[in-house]
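See below for the structure under consideration.
The values are calculated or read from the model by the stated rules, or taken from the named source; none is laboratory data. Bear in mind that the values here come from a model prediction, so they are computed numbers and not experimental data. Note: ideal-geometry Cβ built from the backbone for every residue, glycine included; neighbour counts use all protein chains shown.
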């Protein structure tokens, strides 16, 4: 039986950070327009418009809406050559009426010609290995011979090479985006519907890119089931580490749904991996307006301490010791200060845990005696004020420190 003095030396225990910080996996920087994924750069937030790319005005407006609320890279779907050509006009109008926005084009079934056209107009092309060279499954197939497997591999290289060369010569990027639900038939026959099959599918495309001296790659291993998604990304990272590859990872749970559960499901997958140090860019996929995805992304990154995009509020859950209506006061404090990005503000109901739990906050608002509020700067109590004046006096304290800005 393990005692408290037994050192934690097992391989599982040693994988995790125990110093209170997240140690991100080392990755190579990959530029996508004026945004860089990987390296020492912050985790990048992405989303995807739901307008038809043939609707040029609608697409420009959708891209702009996302970018203005903090989406750093925007993806558009390109199912046909007409859509690819439309992207040239979309990019032109964005620059003319707004500014350049890093764009990614989604290319699917047998997409070489489409990809070659769209590569002229976007900063990154996303391909799905299971669909890029699409083979209609044979209902009577029982196996793939080595020869058949190799022949398809040769066809993939032949089809992928022109796109790789184009992106390489233009200094642009590619996302190799594997989806659990669309693995190629030969991968399913060889590895089953498994994370291993997903990883092998990605590696096949990575090796082709590397053989052509192209390394501006981002990898994703999405699944709609969180445990499968977690396993696929972890295995991908392990395999890349073993092969000396440092490609950044794009995290996401595909088809997460909508509402509270869609947000929880996405957070369960994305935040778990980020906490383990995996992930350089994220997208929360919701069956809602794309604009609804961005706040979830930033909340995940804020909660993990990976980006500071809003005020961090520390608040106790309330109990019988609480000396004021904690929920009501928290709303008042938030309404008055939520524009002060970068600050940590604690709202604590009593003195028992308050000062200790809020020790890392910039400012504290604590119920220390009935009818009065104690205001703190860090660990130092500054003054005690009547409860009715608490929020006003907190604002005055922030102003005194020169940290207030008008909303």
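The table that follows gives values for the structure above.
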| read-out | value |
| --- | --- |
| Residues of segment 326-351 that turn out to be modelled with pLDDT of 75 or more and assigned to a loop (DSSP other than H, G, I, E, B), as a count | 6 |
| Those residues of segment 230-252 which are crowded, with 17+ Cβ neighbours inside 10 Å, out of contact with any strand residue (DSSP E or B) (no Cβ under 7 Å at 6 or more places or on another chain) and not in a helix (DSSP H, G or I), in sequence order | 245 |
| One residue from 271, 256 being on the phi < 0 side of the Ramachandran plot, in contact with a helix residue (DSSP H, G or I) (Cβ under 7 Å, 6 or more places away or on another chain) and at pLDDT below 95 | 256 |
| Where a residue in segment 18-44 is in the same structural domain as residue 236 (by TED's automatic domain parsing) and closer than 17 Å to residue 246 by Cα and its partner, wherever it lies, is modelled with pLDDT under 95 and not in a loop (DSSP other than H, G, I, E, B), with Cβ under 7 Å and at least six apart | none |
| Residue match in segment 191-210 (condition: surrounded by fewer than 20 Cβ atoms within 10 Å (Cβ to Cβ), at pLDDT below 95, assigned to a helix (DSSP H, G or I) and in contact with a helix residue (DSSP H, G or I) (Cβ under 9 Å, 6 or more places away or on another chain)) | yes |
| Some residue of segment 80-90 being within 23 Å of residue 284 (Cβ to Cβ), in contact with a strand residue (DSSP E or B) (Cβ under 8 Å, 6 or more places away or on another chain) and surrounded by 17 or more Cβ atoms within 10 Å (Cβ to Cβ) | no |
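Condition check ((1) touching a residue at least 40 places away in the same chain (Cβ under 8 Å); (2) surrounded by fewer than 18 Cβ atoms within 10 Å (Cβ to Cβ); (3) outside the structural domain of residue 202 (by TED's automatic domain parsing)) across all residues:
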residue	(1), (2), (3)
70	yes, yes, no
106	yes, no, no
121	no, no, no
127	yes, no, no
155	no, yes, no
